[in-house]
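The values are calculated or read from the model by the stated rules, or taken from the named source; none is laboratory data. What you are looking at is a predicted structure, and each value in this text was computed from that prediction instead of being measured. Glycine gets a Cβ as well: all are built from the backbone with ideal geometry, and neighbour counts include every protein chain shown. Accessible surface areas use protein heavy atoms only, side chains included; no ligands, DNA or RNA. Shrake-Rupley method; radii C 1.70, N 1.55, O 1.52, S 1.80 Å.
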Amino acid sequence: MYSKEESKLIKKEFWVKFGFFSQRKRIAAGLNKKWLSHNTGINCLSLKFDFENKQALVGIEIFTHNQDEKQKYYDRLLSLKTILNDSFKIAPEWNYNFELPNGEIAAKIYHTLENVKIHDKTCWPKVFRFFFENMMIYESFYTEYKEIIADEDFSEL
């Protein structure tokens, strides 16, 4: 068992090493070294990496206390569901009422890698690849369809 401080340091080490891993791969691919992540241009929508409780998740998250806004962006993504699902070998999970670790509820479209632990450094290379490969697809999808997702004059396709 790890102390709170030891656990915090291990988590920080994971994210720093993942940052170096992904920066090198993104630069080699001719991309910006930083992930789009929270800089989507839509305040309540972000591309997220999560690694907690024996699983790693990567995907799109819509978090807002404004239910109309949450529904609006979820509906826009749903209109593109076939395109997004077809981008992956295995379709993502779609969950309008995903419970976040803090107990709040978000809409989330995501992939999960089970049976990995952030405190087990032998899992890290597998998680790095999982995060990188899947986030590349989510980011590419978002970049391609951002205008539709963000469009204030949106009507169903």
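Within segment 90-102, work out how many residues are at pLDDT 95 or above and either within 22 Å of CYS44 (Cα to Cα) or out of contact with any helix residue (DSSP H, G or I) (no Cβ under 6 Å at 6 or more places or on another chain) (or both). Steps first, please.
Taking segment 90-102 as the starting set, the residues that turn out to be at pLDDT 95 or above are 90-99.
Those still in the list that are either within 22 Å of CYS44 (Cα to Cα) or out of contact with any helix residue (DSSP H, G or I) (no Cβ under 6 Å at 6 or more places or on another chain) (or both) too: 90, 92-99.
Residues flagged as at pLDDT 95 or above and either within 22 Å of CYS44 (Cα to Cα) or out of contact with any helix residue (DSSP H, G or I) (no Cβ under 6 Å at 6 or more places or on another chain) (or both) within segment 90-102 amount to 9.
Could you check segment 23-65 and list, in sequence order, the residues that are among the hydroxyl-bearing types (Ser, Thr, Tyr) and under 14 Å from the mean Cα position of the chain (by Cα)? Spell out how you get there, then give the answer.
Residues of segment 23-65 that are among the hydroxyl-bearing types (Ser, Thr, Tyr), as a first pass: 37, 40, 46, 64.
Matches in segment 23-65: SER37, THR40, SER46.
Does segment 66-77 contain any residue that is outside any helix (DSSP H, G or I), open to solvent by 50 Å² or more (accessible area, probe 1.4 Å) and either within 27 Å of LYS33 (Cβ to Cβ) or modelled with pLDDT under 95 (or both)? I'd like the intermediate steps shown before the answer.
Initially, segment 66-77 is screened for residues outside any helix (DSSP H, G or I), giving 66.
From what is left, the residues that are open to solvent by 50 Å² or more (accessible area, probe 1.4 Å) are 66.
Those still in the list that are either within 27 Å of LYS33 (Cβ to Cβ) or modelled with pLDDT under 95 (or both) too: none.
No: zero hits.
Within segment 100-120, the set of residues being polar (S, T, N, Q), within 15 Å of the chain's Cα centre (by Cα) and assigned to a loop (DSSP other than H, G, I, E, B) is empty. Of all residues assigned to segment 136-148, at least one qualifies as being modelled with pLDDT under 95, touching a Ser or Thr at 6+ places or on another chain (Cβ under 9 Å) and over 30 Å from ARG24 (Cα atoms).
Close Cβ contacts (under 6 Å, 6 or more residues apart or on different chains) running from residues in segment 114-131 that are open to solvent by less than 60 Å² (accessible area, probe 1.4 Å) to residues that are assigned to a loop (DSSP other than H, G, I, E, B) comprise CYS123/VAL116; CYS123/LYS117; VAL127/VAL116.
Is it true that some residue in segment 88-103 is farther than 17 Å from TYR145 by Cβ, surrounded by 12 or more Cβ atoms within 10 Å (Cβ to Cβ) and among the basic types (Lys, Arg)? No; the residues of segment 88-103 include none that is farther than 17 Å from TYR145 by Cβ, surrounded by 12 or more Cβ atoms within 10 Å (Cβ to Cβ) and among the basic types (Lys, Arg).
Please go through segment 17-62 and give me each residue that is assigned to a helix (DSSP H, G or I) and open to solvent by 70 Å² or more (accessible area, probe 1.4 Å), ordered by number.
At the first step, the residues of segment 17-62 found to be assigned to a helix (DSSP H, G or I) are 17-28.
Selection gives LYS17, PHE20, ARG24, LYS25, ILE27, ALA28.
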